[in-house]
Amino acid sequence: MAYILTLDTGTTGVKCAAFTREGLMLDSAVAAYPTRFPELGWAQQRPQEQLEASVQAIRELNARIPADGCEALVFTGTMNGCIPIDREGNALYDNMIHSDLRAAPETAEIAERIPLKDYYAVTGNHIDVHSGLPKYMWLKAHEPDVYRRAAAFVNIKDYLYGRATGLTGGTDLTDASLCNCLDLRNGDWAWNILSECGISRDKMPQLRPSCDVSGRLCADFAAAAGLPEGLPVAVGAGDGACAAHGARSQTVGDTYMNIGSSAWVSAMSERPVTDTRLFNYFDSDAKHYNVCGTVQSGAAAFDWAARQLFGAEDPRTVEKWASAAPAGAHGVFFLPTLMGERTPWWTAEASGTLIGFTLSHTREDAARAVYEGIMQSLNMCGAILRENGLCSDHITLIGGGAKSTLWAQMAADMFEVPVRVHQTPREATSLGAALTAGVGIGWYRDFAEAARQIHIQREVLPDKANAGLYRRHCELYRTLYPRMKEVYQDIYRFQQ
């Protein structure tokens with residue numbers, strides 16, 4: 001059976017999956033690798049380990065599915081990273097991933113040099129510690145030899161594409177957008193911003209279409225992975241862009257929610273939205289835009305709470321406790337700001353908060369509050385999209401969190417729209433990558449035809465009583481961070 005092979009390089013490991021032309025997943029394999037936290041606020045991964053895990057996952061999958069049915073290979077992966085590579089495509093430093101906060105001083109430096117209004121007008125994005133540009137500046141200041149030797153700064157999917165094809169030093173418009181130094185008006189690097197920040201023009205990767213399949217699998221990678229040499233390889237797109245194509249139709253305003261390590265709500269737009277609480281990046285079709293509100297710690301905050309607060313290894317145990325408490329958790333609130341926050345506060349100077357306890361509260365209330373806190377953060381993202389006329393009359397739910405029946409119901413109750421749970425929510429990003437490659441090799445005429453291969457398993461409707469309670473809950477929830485902002489800043493300085 002003909003299939004497209006996808007590699008989704010995530011926060012904890014790489015997933016290799018095979019998809020048919022009809023969007024059905026034949027099988028998948030996962031290989032893990034660690035994230036290292038060598039200093040407070042740092043988060044990095046080793047590209048060589050990610051490459052080895054990718055090869056391992058491909059070989060494991062091809063032990064069950066014949067490699068001769070593969071018609072293309074495509075990469076996706078975490079965005080907002082930074083891997084300096086040399087001209088041969090070798091990594092010169094670890095991948096500073098999306099949750100890395102070390103470049104906070106450089107972020108402040110950008111803000112001093114360029115007014116936010118001017119910066120946002122060009123990039124469609126906030127001056128953000130998680131993005132690529134301040135990380136380039138950090139390398140120049142703290143690792144000058146690495147900076148000098150670097151031929152390009154790329155994301156993980158670009159690094160792997162280079163190792164697979166020999167075509168190094170490139171990226172696509174989706175990943176380039178969240179480097180936060182791309183001009184979203186013309187789809188080229190924002191050279192004036194780069195110059196103002198002291199970054200050399202020759203460090204920026206070549207821009208390529210996401211669905212470009214002119215690359216071919218080189219002999220070394222083919223032999224290591226057990227795939228045919230010369231196989232078409234698609235450039236691919238960042239995980240956010242691929243998630244969009246695996247979850248929504250190619251319709252302006254159509255909305256999806258991803259609950260993964262980080263979590264977000266995103267809608268398709270004809271143009272960037274000029275609201276600095278949101279961020280914008282190119283769609284894989286290079287014509288439309290994905291407009292997002294993002295919660296920095298989604299499932300990552302839940303996983304931490306499950307293990308460290310509740311001592312539970314099985315998330316189903318925590319969900320059982322949470323389901324036993326009523327909506328509103330008897331007034332216990334959780335802010336999932338364990339690694340700062342993006343939408344709407346855009347700060348690294350925030351830490352997680354569980355608040356509202358009395359002696360009458362229970363473990364069940366605390367568990368419920370964790371679920372509600374993460375979903376209310378996403379609900380605030382959705383509210384901002386609605387203010388900008390983008391949120392649709394339904395939401396598709398993807399990511400590992402879509403397996404939770406409680407989160408699906410909370411999403412319907414808080415957003416007050418039907419929630420459609422994706423048929424394969426954990427594989428929606430991989431499906432989007434496959435659809436992108438499918439456009440490239442001619443399986444589909446365009447992305448609109450490709451979107452017809454998305455399948456839904458069930459629909460969850462809002463509970464009117466809970467919806468009313470959650471409106472009041474959200475009114476209080478959205479005031480907690482602003483009221484505690486100075487305390488968060490003092491705690492952050494003490495931690496540093």
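The values are calculated or read from the model by the stated rules, or taken from the named source; none is laboratory data. Nothing here was measured: the structure is a model prediction, and the numbers come from that model. Glycine gets a Cβ as well: all are built from the backbone with ideal geometry, and neighbour counts include every protein chain shown.
Kindly indicate which of Leu116, Leu101 is surrounded by fewer than 18 Cβ atoms within 10 Å (Cβ to Cβ) and either at pLDDT below 95 or within 20 Å of the chain's Cα centre (by Cα) (or both). Give the steps one after another, and end with the answer.
Working: Leu101 fails: surrounded by fewer than 18 Cβ atoms within 10 Å (Cβ to Cβ).
Answer to the selection: Leu116.
Applying the criterion of at least 2 residues that are in contact (Cβ under 8 Å) with a residue 12 or more places away in the chain and either touching a Lys or Arg at 6+ places or on another chain (Cβ under 8 Å) or of a type in the set (Gly, Ala, Ser) (or both) to the strands (runs of 3 or more DSSP E) found wholly in the range 337-432 leaves 395-398, 419-422. Elements of the type strands (runs of 3 or more DSSP E) sitting completely within the range 166-267 and holding at least 1 residues that are in contact with a helix residue (DSSP H, G or I) (Cβ under 6 Å, 6 or more places away or on another chain) and within 30 Å of Glu60 (Cα to Cα): these cover 170-172, 232-238, 255-259.
Which is within 27 Å of Glu416 (Cα to Cα), touching an Asp or Glu at 6+ places or on another chain (Cβ under 7 Å) and aromatic (Phe, Trp, Tyr), of Tyr470, Tyr477, Tyr492? The unique qualifying residue is Tyr470.
Residue by residue, here is whether (1) farther than 22 Å from Ile398 by Cα; (2) modelled with pLDDT of 95 or more; (3) outside any helix (DSSP H, G or I) holds:
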| residue | (1), (2), (3) |
| --- | --- |
| Glu459 | no, yes, yes |
| Ala467 | no, yes, no |
| His473 | yes, yes, no |
| Tyr477 | yes, yes, no |
| Leu480 | yes, yes, no |
| Met484 | yes, yes, no |
| Gln489 | yes, yes, no |
| Tyr492 | yes, no, no |
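Given the criteria within 24 Å of Glu71 (Cα to Cα), of a type in the set (A, V, I, L, M) and surrounded by fewer than 18 Cβ atoms within 10 Å (Cβ to Cβ), does Ala223 qualify? Yes; evaluated as a whole, the condition is true for this residue. Take the conditions in contact (Cβ under 8 Å) with a residue 40 or more places away in the chain and under 28 Å from the mean Cα position of the chain (by Cα) and apply them to Pro326. Does it pass? Spelling it out, it is not the case that Pro326 is in contact (Cβ under 8 Å) with a residue 40 or more places away in the chain and under 28 Å from the mean Cα position of the chain (by Cα).
How many residues are over 24 Å from Ser377 (Cα atoms) and in contact (Cβ under 8 Å) with a residue 40 or more places away in the chain when one looks only at the range 284-296? Before the answer, list the steps.
Going residue by residue through the range 284-296, those that are over 24 Å from Ser377 (Cα atoms) are 284-288.
Next cut, in contact (Cβ under 8 Å) with a residue 40 or more places away in the chain only: 284-286.
So the count comes out to 3.
Number of residues in the range 133-191 that are farther than 19 Å from Pro272 by Cα, buried (at least 21 other Cβ atoms within 10 Å of the Cβ) and of a type in the set (Asp, Glu) equals 1. Among the conditions (1) exposed (fewer than 14 other Cβ atoms within 10 Å of the Cβ); (2) in a helix (DSSP H, G or I); (3) modelled with pLDDT of 95 or more, the only one that Arg445 does not satisfy is (2). Name the single residue that is farthest from the chain's Cα centre (by Cα) among those in the range 397-429 being among the hydroxyl-bearing types (Ser, Thr, Tyr) and within 19 Å of Ser261 (Cβ to Cβ). Per the criteria, the residue is Ser404. Where helices (runs of 4 or more DSSP H) sit wholly within the range 90-151, those with at least 1 residues that are closer than 23 Å to Tyr492 by Cα and charged (D, E, K, R) occupy 104-113, 132-142.
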